[in-house]
Amino acid sequence: MSKSTEQYSLPLPPFRPSPESARRIMRTQLAVLTLPALAAAILFGLGALKLILTAALTAMLIELIVGRIKRENIPGNITHSVMMGVLLAFTLPGECPWYIAMTGSAVAVLMGKRCFGGLGRYRWHPALVGRLVVQLLFNEQIAASVTPLQALCNWGDLRFVGSVPQLGIYLYDKLPSLQQCQWSAVPGGLGESCRVLLILIGLYFIYRGYLHWQLPLMFIVSTYAAAAFFPIIVEQPGLPDRLIYFPLLAESLSIGFTYINYHLFTGGLILTACIMTADMTSRPLTVRGQIYFAIGAGLLTVAVRLYCPAVLSAYLTPISAYIALFVMNTLVRIFRI
Amino acid sequence: MGLITYSKLDHDFDGGIYLSPLGEVPPLDRIESVTSLPQPSVQSDWRPIPPAEIAGNETQKLAVLHAIEQAGLLVPDTREPLAELLQKLQRQNIRMVVANATPIEPSLNTPLAILHCMGEQVFAGLAILRNWLGADRAVMAYPHHFTIDRGIADKWRVRCLPVSDKYPQARPTSILRTLRKQRHLSRFRRPERSAVVFDMQLLRQVERLILTASGPTERIVTVSGDGVARPSHFIAPVGLPLKQLLERASIYDDAQCVIDGSSLAGVAVDPDKTIIGPVSQSFTVIRYLSRPAAQPCIRCGWCIDDCPAGINPVRLLRLYEKSKYELAVRNGLHKCVECGICSYICPSHLPIMNAIRMMKSKE
């Protein structure tokens, strides 16, 4: 053996084992996601668990098949795909048919992940890709129940006394209470329901270093600010003028803040801010980029909820936070943030 | 399966990491001579110069510089002759000279051993260089958990400052940044312009040279790691085969790798063909070496978070793969201190630091 060959045969640094591996990150994230799955089983019944398992097994099966065809064995890849399946199921309502979960999961892995080269190379969060496609294909089956968010954004039903919308009647009488939205089963996605648990998981991800604290915090803060300051625009049937209301000023402050809190504790906002953003590949690399990303996503979430055109409203309003994250995923690679 | 259990890595919120000791940590007071060699003098008619006489005395300064030049003292980090560095620094307005006693890694605590057993020599060496450069202050930066003899420090008018021992505090740039954070250095001036950091072993060599006319014929070398049964500090003559030192440290038969330097950024060496050189300081022996194969980057961003130089290491890796060296220079290639945190922390096991080293060597 020549000297140069000998030198090259010596190992290269680092000589310590890595503290974390991609496989371990994926396993830990998946293990933690079993908690919202259990919560969904308790709150929505065993049907929810079946739906989650269907999505997870479909994702695993497809990943195994594609991996076998491409003859690659990347540690953590299958776990990641299973996690995407579980996350997709979290965004679906409890009464959703099994084939929708299966289709969404297959689309997430094949279109969202594998089409772009697999783990580490995809552009958009695969679970969101799956959810978007499912929303477009099976809108009627998914939108069978009216979620608090849909009810809240359906301003056409508001009756008017003078020029003041009766926000309070809607918030206090027609919607589930805020406490219910935080803890228990309300219409909406399986994994979105127990928001306190999602926040705890987000804190755990921050502790483990999978998530910078700035990202979920700025996401929630920007949503809160947007909900507080973005005006509500109501089309008046038969009249050319629109009515514009500022939520904090239209009625009393208590009603205004209740309205803003509904924006936080309904829909997929907390799931998106605390769990979906923990996917490393589709978010910006740097902390600064992640702050811009979170602010943009927060503002877009409220914008989609309030200003979505009527034609698209049925499709996009229930998944406003996911759409916002999806759009910001696109901007990550465009602006290289 | 290793789920959820937290790793040994302790993240620090202001950047940087703390490393756990790799194997046993050598005791501070165990410095022994492997073989004794006669110590040649630099000049036969050499008269020791007290440090106090150097300040402002051009004749004495010239004599000291000449002695250092003749002895061929080298700066360990850059391997630059100390005499050349001093001449360069003379043109700058150096305000502070710093001795950095923070170890490279917990188990490679050579600077602490030197401070513990030969503190007087180090403080005297620091005082000599302070007076030679005409600096206002001399500072000993030491890990906050270490007990330092302040009596000797006061005698040589050296201020002792406790610092954190997070990796890579042993690097000159890191310690200067820490002193700047602690407001011992101006925030409005680049720290390299007003302060200079000296290695502990170099200070001891300066003291031995100027006060006892002994040349740099010996090195204090630490052998540690989980591949030796008796990790120790040794006073070893320059030129000694490394193998002898490893045998004295009771190297295990199944040890897989010997590293010159730290376990994160050191270079693997062949112990049969290596000798103790003029800048050798520490060797880590690894018993079980396991490094999984690299896989695609998952864009976790940890290399950016923990980079002490504040650059984007994974971008430099991409530029290396595309052979875009000029762009790499513009992206801070030369700011990299080669600490190896990026490669160590990477969950995809990407050889980021090696790519940076390769690019630097091609420049």
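Any idea what the relative contact order of chain B is, in percent, if you count C-alpha pairs under 8 Å spaced at least 6 apart?
Averaging sequence separation for qualifying contacts and normalising by length gives 18 percent for chain B.
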Checklist entry - If the viscosity is 1.567 mPa s and the temperature 4 °C, what translational diffusion coefficient in µm²/s does Stokes-Einstein give for the protein assembly as shown when Rh comes from Kirkwood over Cα pairs? => result 45
Checklist entry - What percent does the relative contact order of the stretch A:184-321 come to when contacts are Cα pairs within less than 8 Å and at least six residues apart? => result 32
Checklist outcome for this item: Helix-only [θ] at 222 nm, chain A, -39500 (n - 2.57) per DSSP H run of 4+, per residue, nearest 500, equals -19000 deg cm²/dmol
Checklist entry - In square nanometres, what is one fourth of the surface area of the convex hull spanned by the alpha carbons of chain B? => result 19.6
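Arranged from highest to lowest average of other beta-carbon atoms within 10 Å per residue, in what order do the peptides B:99-111, A:217-229 appear?
Put in order of decreasing packing, that is B:99-111, A:217-229.
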Item to check | Helix B:352-362 vs. chain B, principal-axis angle (Cα, 0 to 90°, nearest 10) | outcome: 60
Checklist outcome for this item: HN-Hα couplings for the stretch A:280-289 via Karplus (6.51, -1.76, 1.60; θ = phi - 60°), in whole Hz with x for Gly/Pro, come out as 6, 5, 8, 10, x, 7, 8, 5, 4, x
Item to check | chain B: calculated mean residue ellipticity at 222 nm from DSSP helix runs of at least 4, using -39500 (n - 2.57) | outcome: -10000 deg cm²/dmol
Item to check | the stretch B:170-255: mean projected area of Cα convex hull, nm² | outcome: 8.2
Checklist outcome for this item: The alpha-carbon pair-distance distribution computed for the stretch A:1-135, with 10 angstrom bins and whole-percent values, is 12, 37, 26, 12, 7, 4, 1
Checklist entry - With Cβ to Cβ distances under 12 Å as the rule, what net charge do the other residues near A:Ala127 carry (K, R +1; D, E -1)? => result +1
Next on the checklist: Through the Karplus equation 6.51 cos²θ - 1.76 cosθ + 1.60, θ set to phi - 60°, convert the phi angles of the stretch A:69-86 into ³J(HN,Hα) values in whole Hz; use x for Gly and Pro.
Outcome noted: 5, 7, 6, 10, 9, 9, x, x, 5, 5, 4, 5, 5, 4, 4, 5, x, 5
Checklist entry - At what distance in angstrom do the alpha carbon centres of the stretch B:301-332 and the stretch B:87-110 lie from each other? => result 27
Next on the checklist: Using only alpha-carbon positions, what ratio does the radius of gyration of the stretch B:211-363 give when scaled by 2.2 N^0.38 Å?
Outcome noted: 1.23
Checklist outcome for this item: Checked chain A with the C-alpha gyration tensor, a ≥ b ≥ c its square-rooted eigenvalues, rounded below a/c of 1.5, otherwise prolate if a/b is larger than b/c and oblate if not; verdict prolate
Checklist entry - Angle between the Cα long axis of helix A:126-137 and the longest principal axis of chain A, 0 to 90 degrees, nearest 10? => result 50
Checklist entry - How far is helix A:253-265 tilted off the main Cα axis of chain A, in degrees rounded to 10, range 0 to 90? => result 30
Checklist outcome for this item: For chain A, averaging the sequence separation of alpha carbon pairs under 8 Å that lie six or more residues apart and dividing by its residue count, the contact order in percent is 17
Checklist entry - How many Å³ per residue does the convex hull of the Cα positions in the stretch A:238-335 occupy? => result 140
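Taking N as the number of residues in the stretch B:122-213, what is its Cα Rg relative to 2.2 N^0.38 Å?
1.08
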Checklist entry - Other chains' Cβ within 10 Å of B:263-271 residues: what's the mean? => result 4
Next on the checklist: For chain B, give me every cysteine whose Cβ has no other Cys Cβ within less than 4.7 Å, ordered by residue number.
Outcome noted: B:Cys117, B:Cys160, B:Cys257, B:Cys297, B:Cys300, B:Cys307, B:Cys336, B:Cys339, B:Cys346
Checklist entry - If you rank A:Ser18, B:Ser361, B:Ser250 by fewest surrounding Cβ atoms within 10 Å, what's the result? => result B:Ser361, B:Ser250, A:Ser18
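Only the coordinates and a few stated rules stand behind these numbers; no lab work does. None of the values given here were measured: they were computed from a predicted structure. Ideal geometry is used to build each Cβ from the backbone, glycine not excepted, and the neighbour counts take in all protein chains shown.
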